[in-house]
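Let me begin by presenting the structure, written as structure tokens, before commenting on it.
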Amino acid sequence: AFHSTADFINMEIVYNGLGIERSKVVLFDRQPDGPFYELIEKGFSEGKLKRSGDFKGKVRFEKLIFHLESPAGIVFPKIGQKDKSLECYNSVLWRKYAARVLKAFDLYDVQPPAVPSLTLILRERTHEKNVGRVLDNRAEVESVMRKCTLCDVKVVDLAGMPYKEQIRLIRSTNVLVGVHGAGLMNIIFAAEEAVLVEIHPHYRQDRHFRIASRMSGKIYMPMRTKKRVTCQGSSDDVYVEIDEFERTLDGAVRIAREFNRGMSECGLVCRPEILAIDAGLNNEYGRLGVKMGDKGNMRFPCG
């Protein structure tokens, strides 16, 4: 998702520069259709995608556009800056790209989550791919997330989901959590107000997803693990210090409770009487199987 997004945002640059919304798209590779085939077809193509094998003999194109190659500096401006500063935030280009994709999947104009909606992205090894940065204490991390009072909590491996289902899930998420990895690039498609909680293994210093969060107008909350990873060949297991994770997630949820019209002044674990103050949550108790509290007397007590 990370490297592909660089290509797609560069396509957005070209389309904007030429003043076009769509064009006929031809893929010149010979690889099987990948997870982003549908994104390219629905978001950028005028009609069905074509491949070079669909043409016979010599072909003359009257107009031909090659989109920009994807040097990282075009997408991530910090890489090209000598002073290492990053002043860009909420980029019009990034927002236009996100809107293009969300509209293509009928997910642009949707209601934001009424409660904190937490999604933990996992990376899981398979026989085909020995991926790295796998959660070593996954059960503990999930347990902390499921403490969240009156929240939606989902735990997923995006690699096993069709792309349309991935983006629908992310769009309904306002707290996205995961170990540093390409799936965190999806923060750009999250609810309009959202937080990214990125877990950095002790050895990683990349800031890709901090930049992606900033450029798409989202909030970024990182944490760093202290324990050294354990290795399985070229792959690693990441142990997350639970106390630090819980503090970080508490802050993210505290922010998310104030999104949209929210008015619950609490974090991960909330007292029922605080949640009861927010009438906008009344329809969520039955759905989530949570008993509603009594907000008590809210009158000014003095004088």
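For the stretch 43-66, indicate whether the set of residues that are in contact with a helix residue (DSSP H, G or I) (Cβ under 6 Å, 6 or more places away or on another chain), at pLDDT below 90 and either within 20 Å of Met11 (Cβ to Cβ) or not β-branched (Val, Ile, Thr) (or both) is non-empty. No. Considering (1) in contact with a Pro (Cβ under 6 Å, 6 or more places away or on another chain); (2) surrounded by 20 or more Cβ atoms within 10 Å (Cβ to Cβ), the lone condition that Val195 does not fulfil carries the number (1).
Looking only at the stretch 25-42, count how many residues are aliphatic (A, V, I, L, M), within 23 Å of Met161 (Cβ to Cβ) and at pLDDT 90 or above.
Restricting attention to the stretch 25-42, the residues satisfying the condition of being aliphatic (A, V, I, L, M) are 25-27, 39-40.
Still in the list and also within 23 Å of Met161 (Cβ to Cβ): 27, 39-40.
Among the residues that remain, those that are also at pLDDT 90 or above are: 39-40.
Of the residues in that region, 2 qualify.
Taken together, the criteria place Arg247 among residues that are at pLDDT 95 or above, out of contact with any Gly (no Cβ under 8 Å at 6 or more places or on another chain) and over 15 Å from Pro116 (Cα atoms).
For the subset of the stretch 2-56 comprising residues that are basic (Lys, Arg) and more than 17 Å from Lys103 (Cα to Cα), which member is least open to solvent (accessible area, probe 1.4 Å)? Give the derivation first.
First, the residues of the stretch 2-56 that are basic (Lys, Arg): 22, 24, 30, 42, 48, 50-51, 56.
Now narrow it down to the ones that are more than 17 Å from Lys103 (Cα to Cα): 24, 30, 48, 50-51, 56.
Numbers: Lys24: 159, Arg30: 222, Lys48: 149, Lys50: 97, Arg51: 50, Lys56: 164 Å².
Among those residues, the one meeting the criterion is Arg51.
Does the stretch 151-160 include one or more residues that are among the charged types (D, E, K, R), within 30 Å of Asp7 (Cβ to Cβ) and open to solvent by 10 Å² or more (accessible area, probe 1.4 Å)? Yes. The residues listed here are Phe209, Phe189; of these, the one that is of a type in the set (A, V, I, L, M, F, W, C) and either more than 21 Å from Glu124 (Cβ to Cβ) or touching a residue at least 40 places away in the same chain (Cβ under 8 Å) (or both) is Phe189. Take the residues of the stretch 117-131 that are farther than 13 Å from Gly233 by Cβ and among the hydrophobic types (A, V, I, L, M, F, W, C): which is surrounded by the most Cβ atoms within 10 Å (Cβ to Cβ)? The qualifying residue surrounded by the most Cβ atoms within 10 Å (Cβ to Cβ) is Leu118. Of the numbered criteria (1) at pLDDT 95 or above; (2) within 30 Å of Ser234 (Cα to Cα), the one Cys148 fails is (2). For the stretch 180-196, filtering for residues that are modelled with pLDDT of 95 or more and over 10 Å from the mean Cα position of the chain (by Cα) leaves 2. Scanning the stretch 81-140 for residues that are of a type in the set (Val, Ile, Thr) and more than 20 Å from the chain's Cα centre (by Cα) yields a single hit, Thr126. Taking first residues from the stretch 219-248 that are without any contact (Cβ under 8 Å) to a residue 24 or more places away in the chain and partners that are open to solvent by less than 40 Å² (accessible area, probe 1.4 Å) and of a type outside the set (S, T, N, Q), the Cβ contacts under 6 Å between residues at least 6 apart in sequence or on separate chains come to Glu244/Met223.
Give the residue, chosen from Tyr203, Tyr285, that is open to solvent by less than 70 Å² (accessible area, probe 1.4 Å) and among the aromatic types (Phe, Trp, Tyr).
Values: Tyr203 fails: open to solvent by less than 70 Å² (accessible area, probe 1.4 Å).
Going through Tyr203, Tyr285 in turn, just one is open to solvent by less than 70 Å² (accessible area, probe 1.4 Å) and among the aromatic types (Phe, Trp, Tyr): Tyr285.
The values are calculated or read from the model by the stated rules, or taken from the named source; none is laboratory data. Since the model is a prediction, treat every value here as computed from it, not as a measurement. Positions of Cβ are backbone-derived with ideal geometry, glycine not excepted, and every protein chain shown enters the neighbour counts. Keep in mind that these areas ignore ligands, DNA and RNA; they rest on the heavy atoms of the full protein, side chains included. Shrake-Rupley method; radii C 1.70, N 1.55, O 1.52, S 1.80 Å.
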